[in-house]
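Down below is the structure, laid out as structure tokens.
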Amino acid sequence: MKTTDIFGHKGQFFEILQQTERSQSGVMTLAVGQDTGAGDSHPGDQIIYVVEGKAFMRVGNEEAVGDPGTLLTIPAGVHHYVRNEGDVPLFILTTYAPPSF
């Protein structure tokens, strides 16, 4: 069994921390006002958990703002986008199933 302290990786733009044949988990930090670019989609599901900060999230045609504790599941193949909407760095934990990176 492998455990990882995600806070030891805070500040990394994107880093995969753990992986199995069926899933992978990582962290992402976005500076104030920073976004993930034009957006993305993956062949598998993605789960985002907001650890710190405020996230603006667009999934398909739906939009939401998430504070710490917010959990969001993005279905496979759906275009999505995340932007730091707050005044501190946005730190998220994300899981992909199956692995996408």
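The values are calculated or read from the model by the stated rules, or taken from the named source; none is laboratory data. Quantities reported herein were computed from a predicted structural model and do not represent experimental measurements. Neighbour counts are summed over all protein chains in view; Cβ atoms, including those assigned to glycine, are modelled from backbone coordinates with ideal geometry.
Among the residues of this structure, Gly33 counts as one that is more than 13 Å from the chain's Cα centre (by Cα) and within 22 Å of His9 (Cα to Cα).
Comparison of Met28, Met1 shows that the only residue that is of a type in the set (A, V, I, L, M, F, W, C) and at pLDDT 95 or above is Met28. Within segment 62-85, count every residue that is more than 17 Å from Gln34 (Cα to Cα), polar (S, T, N, Q) and in a strand (DSSP E or B). Residues that pass the stated criteria total 1.
For segment 1-29, residues that are under 13 Å from the mean Cα position of the chain (by Cα) and among the basic types (Lys, Arg) total 1. For segment 62-85, the tally of residues that are surrounded by 15 or more Cβ atoms within 10 Å (Cβ to Cβ), in contact (Cβ under 8 Å) with a residue 40 or more places away in the chain and more than 13 Å from the chain's Cα centre (by Cα) stands at 0. Among residues of segment 31-47 that are under 9 Å from Gly77 (Cβ atoms), those with a Cβ under 7 angstrom from a residue that is surrounded by 14 or more Cβ atoms within 10 Å (Cβ to Cβ) and among the β-branched types (Val, Ile, Thr), sequence gap 6+ or separate chain, pair up as Ser41/Val78. Quick one: is Glu52 acidic (Asp, Glu) and out of contact with any strand residue (DSSP E or B) (no Cβ under 8 Å at 6 or more places or on another chain)? Considered against the rule, which asks whether it is acidic (Asp, Glu) and out of contact with any strand residue (DSSP E or B) (no Cβ under 8 Å at 6 or more places or on another chain), Glu52 comes out as no. Checking every residue in segment 86-100 against the condition of being hydroxyl-bearing (Ser, Thr, Tyr), in a loop (DSSP other than H, G, I, E, B) and touching a residue at least 60 places away in the same chain (Cβ under 8 Å) gives at least one match.
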